[in-house]
Amino acid sequence: NAGVMQNPRHLVRRRGQEARLRCSPMKGHSHVYWYRQLPEEGLKFMVYLQKENIIDESGMPKERFSAEFPKEGPSILRIQQVVRGDSAAYFCASSLGEGEFFGPGTRLTVL
Amino acid sequence: GESVGLHLPTLSVQEGDNSIINCAYSNSASDYFIWYKQESGKGPQFIIDIRSNMDKRQGQRVTVLLNKTVKHLSLQIAATQPGDSAVYFCAEKTGANNLFFGTGTRLTVIP
């Protein structure tokens with residue numbers, strides 16, 4: 001039973017470009033969460049999705065950031081017109097409702 | 001050795017000793033708690049969880065204690081090993097909502 005998968009593991013973008021981060025939850029898990037982590041800090045919640053629905057996006061910036069979890073395929077976190085402050089590790093977690101299991105993360109570097 | 005979380009974010013212990021990592025949580029409505037271990041460059045790894053109707057839960061070499069009166073959580077690691085060196089986060093949750101992470105404690109095991 002594969003765990004949560006994320007790709008790419010590392011992503012480098014120049015300012016103004018778009019970043020797309022993908023997350024495939026554990027088999028059977030219908031809840032997906034995205035978190036952001038800066039060095040030496042804890043994880044900060046961004047968005048919680050279920051299939052085709054955004055349940056809670058209170059932690060996600062209103063501009064430039066969007067997320068989706070389509071009926072088929074992985075969840076996508078999209079960052080448009082990236083800025084240097086977007087550089088961080090982005091983690092996806094999936095669950096059946098309580099315990100969350102994390103993927104290896106995508107490390108985004110904005111030049 | 002013992003950590004008080006926010007006030008002492010690092011903890012060094014001798015190999016073979018027991019470790020205690022403490023965490024204060026913020027939301028009295030939280031009903032589910034998880035301890036995660038995060039090694040450098042990796043995603044958080046689920047260690048042990050506890051529901052609010054319990055005050056103690058044991059796993060393999062780990063024990064989690066929950067004191068709801070003072071909103072305090074601790075993780076005890078028995079016979080600490082070099083492989084236990086990592087950053088440990090406590091996280092709280094209400095229902096199926098997202099996790100709120102604590103600051104984290106860096107545990108260093110001295111061989």
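The values are calculated or read from the model by the stated rules, or taken from the named source; none is laboratory data. Predicted model only: the values in this text are computed from it and were never measured. Positions of Cβ are generated from backbone atoms using ideal geometry, with glycine treated the same way; all protein chains shown enter the neighbour counts.
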Legend entry - Among (1) at pLDDT 95 or above; (2) touching a helix residue (DSSP H, G or I) at 6+ places or on another chain (Cβ under 8 Å) - the single one B:Thr103 does not satisfy: (1)
Legend entry - Members of the range B:48-80 that are closer than 22 Å to A:Glu100 by Cβ and of a type in the set (A, V, I, L, M): B:Ile48, B:Ile50, B:Met54, B:Val62, B:Val64, B:Leu65, B:Leu66, B:Leu73, B:Leu75, B:Ile77
Inset, instruction - State yes or no: is A:Leu49 more than 19 Å from B:Gly102 (Cβ to Cβ) and surrounded by 21 or more Cβ atoms within 10 Å (Cβ to Cβ)? - result: yes
Inset, instruction - For A:Leu108, indicate whether it is touching a residue at least 12 places away in the same chain (Cβ under 8 Å), closer than 16 Å to A:Gly16 by Cα and either within 12 Å of chain B (Cβ to nearest Cβ) or surrounded by 21 or more Cβ atoms within 10 Å (Cβ to Cβ) (or both). - result: yes
Inset, instruction - Taking the options B:Asn53, B:Asn98, name whichever one is closer than 27 Å to A:Thr106 by Cα, outside any strand (DSSP E or B), polar (S, T, N, Q) and over 11 Å from the mean Cα position of the chain (by Cα). - result: B:Asn98
Legend entry - Residues of the range B:1-29 satisfying the condition of being among the hydrophobic types (A, V, I, L, M, F, W, C), modelled with pLDDT of 95 or more and touching a helix residue (DSSP H, G or I) at 6+ places or on another chain (Cβ under 9 Å): B:Val13, B:Ile21
Inset, instruction - Scan the range A:62-80 for residues that are farther than 30 Å from B:Glu39 by Cβ and exposed (fewer than 13 other Cβ atoms within 10 Å of the Cβ) and jot them down. - result: A:Lys62, A:Glu63, A:Pro70, A:Lys71, A:Glu72
Legend entry - Matching residues in the range A:1-17 - criterion: being in a loop (DSSP other than H, G, I, E, B) and either within 14 Å of chain B (Cβ to nearest Cβ) or loosely packed, with under 11 Cβ neighbours inside 10 Å (or both): A:Asn1, A:Ala2, A:Gly3, A:Val4, A:Arg9, A:Arg14, A:Gly16
Legend entry - Selected residue (only one of A:Val47, A:Val4, A:Val83 is over 13 Å from the mean Cα position of the chain (by Cα) and of a type in the set (A, V, I, L, M)): A:Val83
Inset, instruction - Kindly provide the set of residues from the range B:82-92 that are assigned to a strand (DSSP E or B) and more than 7 Å from chain A (Cβ to nearest Cβ), ordered by number. - result: B:Ala86, B:Val87, B:Tyr88, B:Cys90, B:Ala91, B:Glu92
Inset, instruction - From A:Gly99, A:Gly59, A:Gly103, grab the single residue that is closer than 26 Å to B:Ser40 by Cβ, without any contact (Cβ under 8 Å) to a residue 12 or more places away in the chain, out of contact with any helix residue (DSSP H, G or I) (no Cβ under 7 Å at 6 or more places or on another chain) and within 14 Å of chain B (Cβ to nearest Cβ). - result: A:Gly99
Inset, instruction - Identify all residues within the range A:21-60 that are at negative phi and charged (D, E, K, R); write none if there are none. - result: A:Arg22, A:Lys27, A:Arg36, A:Glu41, A:Lys44, A:Lys51, A:Asp56, A:Glu57
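Give the number of residues within the range B:57-72 that are in a strand (DSSP E or B) and closer than 21 Å to B:Asp17 by Cβ. Spell out how you get there, then give the answer.
Of the range B:57-72, the ones in a strand (DSSP E or B) are B:57-58, B:62-67, B:72.
If we keep only those that are closer than 21 Å to B:Asp17 by Cβ too, we end up with B:58, B:62-65.
So the answer is 5.
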Legend entry - Filtered residues of the range B:42-76 (kept if of a type in the set (A, V, I, L, M, F, W, C) and either more than 14 Å from every other protein chain (Cβ to nearest Cβ) or surrounded by 17 or more Cβ atoms within 10 Å (Cβ to Cβ) (or both)): B:Ile47, B:Ile48, B:Ile50, B:Val62, B:Val64, B:Leu65, B:Leu66, B:Val70, B:Leu73, B:Leu75
Inset, instruction - Kindly provide the set of residues from the range B:101-111 that are within 11 Å of chain A (Cβ to nearest Cβ), surrounded by fewer than 21 Cβ atoms within 10 Å (Cβ to Cβ) and outside any strand (DSSP E or B), ordered by number. - result: B:Thr103
